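Peer 1: So that we are looking at the same thing, I have put the structure below in structure tokens.
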Amino acid sequence: MPISYIIRPALILSILVIIILTFGKNLKFDNFEKIGRNDLIAFWSASQALTAGKNPYDSGDILKIQQTLNGKLRVGQAYLNPPWTFAVFSFFIFNSFETTKNVWILCNLIFLILGLYCVSLITRCSNLNLLYAAILYSPFYYCLSIGQLSIFLFAVFSLAILLVFKKWYFCSGIIFSILSIKFHLFSCLFVFMFFWAIQNKKFKCIFGLVAGLLLLLVYPIFYSNQIYLQWLSNEFNPISYMHSSLATPFKVYLVNNYTEFYKLPNIIILILGLSATLYVCIKSKLQLNYLNINIYLCLSLMISPHIWPYDFTLLLGICSVVFLQAFDKIRKKENRLNWTVIFILILVQFIVLIYLFSLKNYLELCFFFPIITYFILLYIKENNLLTITNWLTSD
């Protein structure tokens with residue numbers, strides 16, 4: 001047996017243990033001041049409310065459940081995700097928050113490995129090298145430390161794309177439907193994939209997507225037939241519309257001067273972005289490859305009406321691939337200037353983003369991340385810099 005068969009799994013296991021030991025303590029519920037930063041508690045308490053026949057979107061019901069963990073709590077962590085999220089997340093929820101926390105940390109590490117493995121199959125990059133690159137990726141740590149969904153969505157996204165390339169179209173459609181739990185992060189990508197399926201007569205993708213959506217939408221009704229009315233009547237905090245997107249500068253101005261119009265920039269940017277995507281998809285012959293898919297993903301993040309830095313975990317795959325490709329090209333002295341600039345930009349985003357959290361307006365600053373990544377990918381595409389010829393494509 002080759003020694004690499006032992007060393008590689010051992011290295012991966014060691015890395016995972018370090019991550020667990022480093023971030024496991026951040027998810028402990030021993031300091032009520034950390035509750036507001038711990039999104040896992042919102043998922044857990046909402047699921048507890050739903051199974052108990054209560055309203056998961058009612059701040060009073062949520063607060064009572066969270067006070068069972070800490071009686072000093074006066075304001076609970078609200079649950080804002082759509083009802084069909086329960087169809088996915090309920091499988092990871094247990095009566096004990098401690099059990100839920102430990103299971104979710106372990107599952108996130110599995111999701112990370114699964115997502116990177118899918119990316120390695122798509123791009124033919126070494127999965128171990130991808131893991132090394134991913135360790136530098138700061139949004140991943142932020143997502144893990146508060147128990148958010150982005151690592152899970154990264155794995156789902158990567159698996160769905162791999163299934164498309166493997167021509168398992170119906171299954172890929174079902175997997176794609178799971179991304180609808182945060183549709184605002186994938187809006188342009190959904191449009192792109194829909195028109196690609198139409199152009200190439202891959203209707204099984206659409207049938208799978210519809211079947212998956214129906215299953216997701218019906219699931220929460222078995223617990224409460226009022227769940228969708230409760231969700232639609234939920235009060236949204238205006239500040240939630242201030243977070244990281246192209247509309248941020250306009251939103252800052254409106255909230256400070258004309259609060260009643262704070263949603264307007266989100267709507268305008270979203271409509272413009274989707275309109276541009278529709279125009280391109282209708283007028284162009286769409287080519288499905290991993291680079292194009294991530295360009296549309298970046299565009300989705302740029303126009304999203306609600307986004308946080310941990311959502312940039314969705315770009316972990318393409319950023320890691322480009323990072324490794326840049327390192328390889330610099331080492332081989334091929335297009336050294338171009339790849340050095342790209343390498344530095346990716347490396348800065350990998351490491352520096354986490355330090356923005358110490359700044360007062362870090363959310364407003366973080367919207368630059370998908371913009372920079374978008375233009376890096378666009379530049380790579382236009383100049384045909386990526387020479388990975390054995391990427392799986394639809395053609």
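Peer 1: Using the beta-carbon distance between Ser126 and Asn95 and R0 = 30 Å, what value does 1/(1 + (r/R0)^6) give for FRET efficiency, to the nearest 0.05?
Peer 2: E(calc), rounded to 0.05, equals 0.15.
Peer 1: Going by how many other Cβ atoms sit within 10 Å of their own, how do Phe222, Phe157 line up, fewest first?
Peer 2: The most exposed by this proxy come first: Phe222, Phe157.
Peer 1: If you don't mind, there's one more thing I want to ask. Peptides 313-319, 375-381, 300-306: what's the order by average Cβ count within 10 Å, highest mean first?
Peer 2: 313-319, 300-306, 375-381
Peer 1: Let me ask something additional. Express in nm, to one decimal, how much length is gained between Thr340 and Thr51 on full extension, taking 0.36 nm for each residue of separation and deducting their alpha carbon distance.
Peer 2: Gain on stretching Thr340 to Thr51: 98.7 nm.
Peer 1: In a solvent-free Debye calculation with one equal scatterer on each Cα, what is log10 I(q)/I(0) for the stretch 59-108 at q = 0.28 Å⁻¹, listed in the order of the q values?
Peer 2: Per q value, in the given order, log10 I(q)/I(0) is -1.13.
Peer 1: Another one. As a quick test, which of the pairs Lys202/Lys381; Lys201/Lys283; Lys182/Lys202; Lys166/Lys202; Lys201/Lys381 have an alpha carbon distance above 19 angstrom in this structure?
Peer 2: Lys202/Lys381; Lys182/Lys202; Lys201/Lys381
Peer 1: I need the per residue convex hull volume for the stretch 61-194, using only the alpha carbons, in cubic angstrom as a whole number.
Peer 2: Convex hull of Cα atoms, per residue: 130 Å³.
Peer 1: In addition: With all pairs of different alpha carbon atoms counted, what Kirkwood hydrodynamic radius in Å does the stretch 139-191 show?
Peer 2: The Cα-based Kirkwood calculation yields 11.7 Å.
No lab work stands behind these numbers, since they all come straight from the coordinates. These figures come from a predicted structure and were not determined experimentally. Note that we place each Cβ from the backbone using ideal geometry, even for glycine, and neighbour counts take in every protein chain shown.
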